[in-house]
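Reading through the structure tokens given below for one structure.
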Amino acid sequence: MKRQVCSLRLTLCLISIVIGALHAGAQNGNPPPPPGASAAAFIDSVNYPFADPVEARLVKLALEGPLFKGSKNQNRINELQLKTARSQWQNLLTLSLNYNDQTFAKPGPAGQNTYVYPKYFVGFVIPLGTLFSRTQVKAAREQVEMGKATQEQLARQIRADVVSKYRQYKTKNELLKLQSQLVDDEQVLFTQVQKNFRNGSVTIEVYSLEQKKYNDDQAQKLNLQLDRDVIQLQIEEMIGVPLESVMKQK
């Protein structure tokens, strides 16, 4: 009976050692950051001081949009997959316990048994690949790192896009103001040429030339206005609110 107990204890001890080794191997490497921590770090890294406070507000709103939120969700999925891969070895461990109700001992001298067979048989099976390879864990860890790098690149791209579009918007708006002033001046000149043409003081060629110039300036104004409005719509798509409301903030 003592031999049976010792054999059972030795088997359980060996199982505990192997499980501990597998668990330590699965936890090898730096643990993943808590959910959301890396995303906050990315926002801080791209939200450096801007000369224009409007640009800072636009970047913040763009990074709160669904595109960047989707990258945070993907990073969370990658971290969960890494956690699953680290615990995958538990599904490969097979443990068995059998009870022997047969007696095979033979009587010996002085009524003692010569052979003693244990009543309990404990066994476990662990694939060797689990002990010597952590390919799934390594692949999942690399996926987490790749996801963080992709998220950082996305944050940089969003910042560059929204700032670039806002500066284009400001440029188009200034050009539109200049063009509007030019059109106003041309309208005054064209009105005077029309009056002189009716009085016969200018020729048809002068009248036609001034009319063409006025119409060209009008067309240029409309094109600039269209370009500005399109850029404004693109910015509002990224930030999710009217651009004017952001520009009015102090």
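The values are calculated or read from the model by the stated rules, or taken from the named source; none is laboratory data. Here the structure is a predicted model, which means the values were calculated and not measured. Every residue, glycine among them, receives a Cβ derived from its backbone with ideal geometry; neighbour counts consider all protein chains shown.
Could you please tell me which pairs satisfy a Cβ distance under 6 Å, a separation of 6+ or placement on different chains, a first residue in the range 188-200 that is under 14 Å from residue 212 (Cα atoms), and a second residue that is in a helix (DSSP H, G or I) and of a type outside the set (S, T, N, Q)?
Final answer for the pair search is 190/210; 190/214; 193/207; 193/210.
Is it the case that some residue within the range 196-210 is in contact with a Lys or Arg (Cβ under 7 Å, 6 or more places away or on another chain), modelled with pLDDT under 95 and either acidic (Asp, Glu) or exposed (fewer than 14 other Cβ atoms within 10 Å of the Cβ) (or both)?
No - not one qualifying residue is present in the range 196-210.
Part of a helix (DSSP H, G or I), over 30 Å from residue 69 (Cβ atoms) and without any contact (Cβ under 8 Å) to a residue 12 or more places away in the chain, is that true of residue 174?
yes
Got at least one residue in the range 202-224 being closer than 30 Å to residue 60 by Cβ and part of a helix (DSSP H, G or I)?
Yes, the range 202-224 contains a residue that is closer than 30 Å to residue 60 by Cβ and part of a helix (DSSP H, G or I).
Residues of the range 228-245 being modelled with pLDDT of 95 or more and β-branched (Val, Ile, Thr), which ones?
Answer for the range 228-245, where residues must be modelled with pLDDT of 95 or more and β-branched (Val, Ile, Thr): 230, 231, 235.
Could you figure out which of (1) farther than 30 Å from residue 75 by Cβ; (2) surrounded by 13 or more Cβ atoms within 10 Å (Cβ to Cβ) isn't true of residue 161?
Tallying (1) farther than 30 Å from residue 75 by Cβ; (2) surrounded by 13 or more Cβ atoms within 10 Å (Cβ to Cβ), residue 161 fails exactly one: (1).
Could you please tell me which pairs satisfy a Cβ distance under 8 Å, a separation of 6+ or placement on different chains, a first residue in the range 136-151 that is charged (D, E, K, R), and a second residue that is exposed (fewer than 14 other Cβ atoms within 10 Å of the Cβ) and at pLDDT below 80?
That search, which allows pairs on different chains as well, returns 141/29.
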